[in-house]
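Just below is one structure, and these are the notes that go with it.
The values are calculated or read from the model by the stated rules, or taken from the named source; none is laboratory data. Because the structure is predicted, anything quoted here is derived from the model rather than measured. Cβ placement follows ideal geometry from the backbone for every residue including glycine, while neighbour counts extend to all protein chains displayed. All accessible areas refer to the heavy atoms of the entire protein, side chains included, with ligands and DNA or RNA removed. Shrake-Rupley method; radii C 1.70, N 1.55, O 1.52, S 1.80 Å.
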Amino acid sequence: MRNRILVLLAFCALIVCNLIAQDSPQSNFSRYGFSAGGGLGLGRDDVASYVGNSPEVVFGAGMNFTRMFGADAEYMYYNLDFRPSVIRSQALADQSGRMQSISLDGIVNVPKHIGKFAAYGIFGLGFYDRSVSLAHSQLILPPTLCQPAWRWWDLTCLNGAITTPQTMSSNSRVAGGFNYGGGVTYRLNHLDHAKVYIEWRYHRAYQADGQTIVMPITVGLRW
């Protein structure tokens, strides 16, 4: 217990030192930060089975409390269009899907830089809106066998089959979730010393019909 208290006190001292340092002449840094990027998302679990890998974009705005600590709010759009093979095999003609999220994240910058390169870690909580739809509604009649991806439309199945007539059109699930990850930045000589960044993130949302897990790899600009 004593060691834990000492570690906690040391951590608090580190935060206080950084807050004091931000007022010193040597600690000139940008108070506000913005970011925009896009890349490839790697699906896991259901997303891997139905969608595979998919494009995504992200935009963020936040505040730097010190050189080491900051926070931002982010918006992410993640494409959830199914694989052609899934659309054909599971009778989902003209399917489209997307996941949009808003998250509040903490950022920890690594104090040590290597030339113009720097690194950071990021973690946060947010809300995730996963939506799927069909261009034309489908009436599903019993005793049609349920397909794995149909659960994203919230259809009711009993013993693996439809037991009452149901319409499949569009459905949306909003849930809480978390994310974490990290990235590397490279400071430019132009654009007011903006930074190019590459980042890996892990997002998990807890929808009622199962977890939605994606891992975006994003390249973008921070300024």
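Table for the structure above
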quantity: Residues of the chain: accessible area per residue with a 1.4 Å probe, Å²; calculated: 56 Å²
quantity: Furthest towards positive pole of dipole, MET168, LEU104, ALA91, structure part the chain, Cβ charges; calculated: LEU104
quantity: Within the chain, helix-based [θ] at 222 nm, where runs of 4 or more DSSP H residues each add -39,500 (n - 2.57), nearest 500; calculated: -4000 deg cm²/dmol
quantity: Listed residues THR66, THR167 arranged by accessible area, highest first, probe 1.4 Å; calculated: THR167, THR66
quantity: Of all accessible heavy-atom area on the chain, the percent that carbon and sulfur account for (1.4 Å); calculated: 64 percent
quantity: Structure-derived mean projected area of the Cα convex hull in nm²: which label, when the choices are [x] 10.6; [y] 12.6; [z] 16.3; calculated: [z]
quantity: Folded to 0 to 90 degrees: helix 2-21 orientation relative to the chain principal axis, Cα; calculated: 70 degrees
quantity: Chymotrypsin sites (Phe, Trp or Tyr not before Pro) restricted to region 54-92 and DSSP loop, no more than 16 other C-beta within 10 Å; calculated: PHE65
quantity: Dipole of the chain [Lys/Arg +1, Asp/Glu -1 at C-beta], most positive-end residue of ALA48, GLY124, TYR206; calculated: GLY124
quantity: Shape call, region 155-223: gyration tensor on alpha carbons, a/c limit 1.5; calculated: prolate
quantity: Surrounding net charge for GLY60, when Lys and Arg each add one and Asp and Glu each subtract one, Cβ distance under 10 Å; calculated: -2
quantity: Unit charges on C-beta of K, R, D, E only; dipole of the chain, Debye; calculated: 660 debye
quantity: Average Cα contact separation per residue, region 155-223, under 8 Å, 6 or more apart, as relative contact order %; calculated: 27 percent
quantity: Of ALA208, ALA118, ALA149, the one that fluctuates the most in a GNM where the chain has Cα springs shorter than 10 Å; calculated: ALA208
